[in-house]
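This report concerns only the one structure given below.
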Amino acid sequence: MTRARIVAEHRISYQAAGPGGIAWCEATGHAFHVATDKRDLPTVGDYVELDGWDVALGGGGNATVREVLPRTNLLVRRAAGEASVPQPLAANVDLGVVMTSANGDLSAPRLDRYLSLLRDSGIPAAIALSKIDLVPDPAPVIAEVEANAPGVRVIALSLVSSTGLAELHALVRPGMTAVLLGSSGVGKSSLLNALLGTHQAVKEIRDDDRGRHTTTRRELFTADDGSIWIDTPGMRELARWAQEEEEEEEDAFDDIAALADQCKFRDCHHEKEPGCAVRGAIDPARLESFHKLSDEHTTAVADQKTARRIAETQRAKAKRYAPRPGKPEDER
């Protein structure tokens, strides 16, 4: 058995980095059959045990994934267009870098979504505010992002002048794994080119100062200094997967959580309750984002419970009516 790490995920196969280089591998048919959902299958960043590595490395076929090793964490979102289907994005991540451009893509509610996604998976976050060279005065923009993301490191970034690259290198030290998240066109591939010296395809900025989408799949890269980066495609639909049903939404909004302790009622929803310490002290747009994500979390939990009950019922029926081995046909 050979230990390797999944560096790219394709439709039904994977590429893994192990002793001697990168080779193709695949999960067994049994693994696909017994998997409850994609979280039970390998994803980018996973460490796996493989059979047939040497043959795969020589181009003689695919290695076989025998085991996905225990994960430190798993970054998951709700699959686009699906109410109760999780989509893993990356595993075993030390830092999530949310990239947004200062010139046109900047959206506080979208940042809240990305930061909540990382918080759900227990992954520390940082924000890379790109294209600051396109903003006449970046200071107010940086201050706005810092105010809306208390406790999160914000790095002002310009790939034209290399501003911020040294800070990112310092955050992601050798041996650490960072996942790069952000909308299409914010410059993730260009940033990776600058950090790693890779040659990711990039496209010119459009006339409206927005970049163009280039990345099409999740992929892991290792820099010369030993730091590891996972690139992800831009996500047009970013819906969180409710991993912990007991989790309070305030955990993803530290500033609201701190004020909530002063509310008159312990179960205050910060809407119309008397004695609320949050309303009036928090920017209305941020409070609106909090309420929206909280409502979505409640709905997601309900959808996932329903889907789980349906799946359990279907499995029970299949087991009940499955033919029992050893019985004559007319006794089944």
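The values are calculated or read from the model by the stated rules, or taken from the named source; none is laboratory data. All values derive from a computational prediction rather than experimental measurement. So basically every Cβ, Gly included, is an ideal-geometry build from the backbone, and we count neighbours across all protein chains shown.
Quick rundown of the values:
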quantity	calculated
Selected residue [assigned by TED's automatic domain parsing to the domain that holds A90, out of contact with any Asp or Glu (no Cβ under 7 Å at 6 or more places or on another chain), among the charged types (D, E, K, R) and modelled with pLDDT under 65] from D225, D208, D251	D208
Residue within region 163-172 that is modelled with pLDDT under 85 and hydroxyl-bearing (S, T, Y) present	no
Strands (runs of 3 or more DSSP E) lying entirely in region 1-68 (those with 2 or more residues that are charged (D, E, K, R))	2-9, 47-51, 63-68
Of residues in region 21-64 being closer than 15 Å to A8 by Cβ and in contact with a helix residue (DSSP H, G or I) (Cβ under 7 Å, 6 or more places away or on another chain), the one surrounded by the fewest Cβ atoms within 10 Å (Cβ to Cβ)	G21
Residue list for region 3-59, restricted to those being within 22 Å of I230 (Cα to Cα), of a type in the set (V, I, T) and modelled with pLDDT of 90 or more	I6, V7, I22, T43, V44, V48
Qualifying residue in region 173-188 (condition: under 21 Å from the mean Cα position of the chain (by Cα), free of Cβ contacts under 8 Å to residues at least 60 places away in the same chain, part of a strand (DSSP E or B) and not assigned by TED's automatic domain parsing to the domain that holds D283)	no
Cβ pairs under 7 Å, 6+ apart, first in region 1-26 and more than 19 Å from Q87 (Cβ to Cβ), second among the basic types (K, R)	M1/R66; A16/R5; A17/R5; G18/R3
